[in-house]
Amino acid sequence: MPFNRLIAVGLVLVIIGAVLPFLIVLRYLPSTFTLNFLAYGASTVGIFLAVIGVAMHVGDVRKKSRDEYDEYDDR
């Protein structure tokens, strides 16, 4: 999966993980164990996916910059 999709999916999950507790506090949704666990899980998985996506992006950028540096190396 490309890193931009991982970041996008992670962002959506983190937003879901933030909106669900907000709706529970405002009493638009009932506070059930399943819904609370879903909000926590979405937030946690979203953060991990986003961090993995950012790490993949940084690795890709570093690899490209290293390849460009090696192209001009006079050894």
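Scanning for something at pLDDT below 95, out of contact with any Ser or Thr (no Cβ under 6 Å at 6 or more places or on another chain) and among the small types (Gly, Ala, Ser), does the stretch 32-48 turn up at least one residue? The answer is no; no qualifying residue exists.
Results for (1) surrounded by 13 or more Cβ atoms within 10 Å (Cβ to Cβ); (2) within 21 Å of Pro2 (Cβ to Cβ), shown as yes or no for each residue.
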position: Pro21; (1), (2): yes, no
position: Phe33; (1), (2): no, no
position: Leu38; (1), (2): yes, no
position: Ser43; (1), (2): yes, no
position: Leu49; (1), (2): yes, yes
position: Gly53; (1), (2): yes, yes
position: Lys63; (1), (2): no, yes
position: Arg66; (1), (2): no, yes
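Restricting the stretch 1-11 to residues that are part of a helix (DSSP H, G or I) and either in contact with a Pro (Cβ under 9 Å, 6 or more places away or on another chain) or exposed (fewer than 14 other Cβ atoms within 10 Å of the Cβ) (or both), the residue that is modelled with the lowest pLDDT is Asn4.
The values are calculated or read from the model by the stated rules, or taken from the named source; none is laboratory data. Since this is a predicted model, take the numbers as computed values, not measurements. Neighbour counts are summed over all protein chains in view; Cβ atoms, including those assigned to glycine, are modelled from backbone coordinates with ideal geometry.
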